[in-house]
Amino acid sequence: MAEIVVAVAGDSISAGSPLWDPDPSVRGRIAAPDERSQWQWWAARADARLEFRTAAVYGERTDQIARRLDLVLPGADVLVVQGGINDLVQRRPVEAAAEHLEAMLERGRVAGLTLAVTDVLPWNNGDERVAEDIRRLNALIRQLAAETAALLLPFHDTLVDPADPSRMGEGLSDDGDHPSVEGHRLLGERAFRRPPN
């Protein structure tokens with residue numbers, strides 16, 4: 001079976017916060033770390049060919065995520081770029097977040113990788129301003145995916161509450177900020193599509 005190395009650059013959503021983290025020193029401070037609280041764990045269970053290399057840090061904006069991209073690019077076949085919510089929480093311009101995502105995808109393209117980008121999840125603890133910014137950023141991410149031939153991973157629509165598009169559905173978030181284990185399972189099994197052979 002041929003292995004597919006997937007580089008993931010992101011924030012706390014890809015780190016698996018608050019129950020998991022790719023950094024062993026951070027994980028050591030978690031009372032009962034649960035690797036199932038990372039969408040990559042579920043994706044790898046669904047497709048044994050996948051090996052994930054994740055550089056994801058709680059609270060980071062897209063410009064900060066971009067600075068760590070070289071940690072996961074060497075030897076990768078696929079690049080998944082995830083981020084943007086922390087830009088919006090910190091009231092950074094929506095367009096600037098999209099530009100940073102685009103720059104990371106361009107670095108992956110130059111490296112010859114298959115590209116994927118996630119959209120931004122609903123934020124249950126956010127207000128209407130952030131909900132509108134998420135809508136705007138997700139529209140730009142959809143446009144960016146189309147223009148760069150990146151696969152759009154529909155994180156938002158996978159976990160959205162059909163009755164309230166500003167929230168993740170019932171049971172899909174434990175803290176209002178991050179997916180629950182069930183939310184990560186859905187992201188890994190449904191939103192993350194099998195990369196091309």
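The values are calculated or read from the model by the stated rules, or taken from the named source; none is laboratory data. Just so we're clear, the structure is a prediction, and the values are computed from it rather than from any experiment. Neighbour counts are summed over all protein chains in view; Cβ atoms, including those assigned to glycine, are modelled from backbone coordinates with ideal geometry. The protein model used for the area step is the full one, side chains on, heavy atoms only, and it has no ligands, DNA or RNA in it. Shrake-Rupley method; radii C 1.70, N 1.55, O 1.52, S 1.80 Å.
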Starting from residues that are small (Gly, Ala, Ser) and over 20 Å from residue 116 (Cα atoms), keep the ones in region 130-187 and report whichever is surrounded by the fewest Cβ atoms within 10 Å (Cβ to Cβ).
163
Considering only region 1-57, state which residues are of a type in the set (Lys, Arg) and within 26 Å of residue 112 (Cβ to Cβ).
49, 53
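Can you pull out every residue in region 135-146 that is in contact (Cβ under 8 Å) with a residue 40 or more places away in the chain and either out of contact with any strand residue (DSSP E or B) (no Cβ under 8 Å at 6 or more places or on another chain) or not β-branched (Val, Ile, Thr) (or both)?
Scanning region 135-146 gives 136, 137, 140, 144.
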What are the residues in region 109-134 that are under 14 Å from residue 7 (Cα atoms) and either assigned to a helix (DSSP H, G or I) or free of Cβ contacts under 8 Å to residues at least 12 places away in the same chain (or both), if any?
109, 112
For the subset of region 33-81 comprising residues that are out of contact with any His (no Cβ under 7 Å at 6 or more places or on another chain) and aromatic (Phe, Trp, Tyr), which member is most open to solvent (accessible area, probe 1.4 Å)?
58
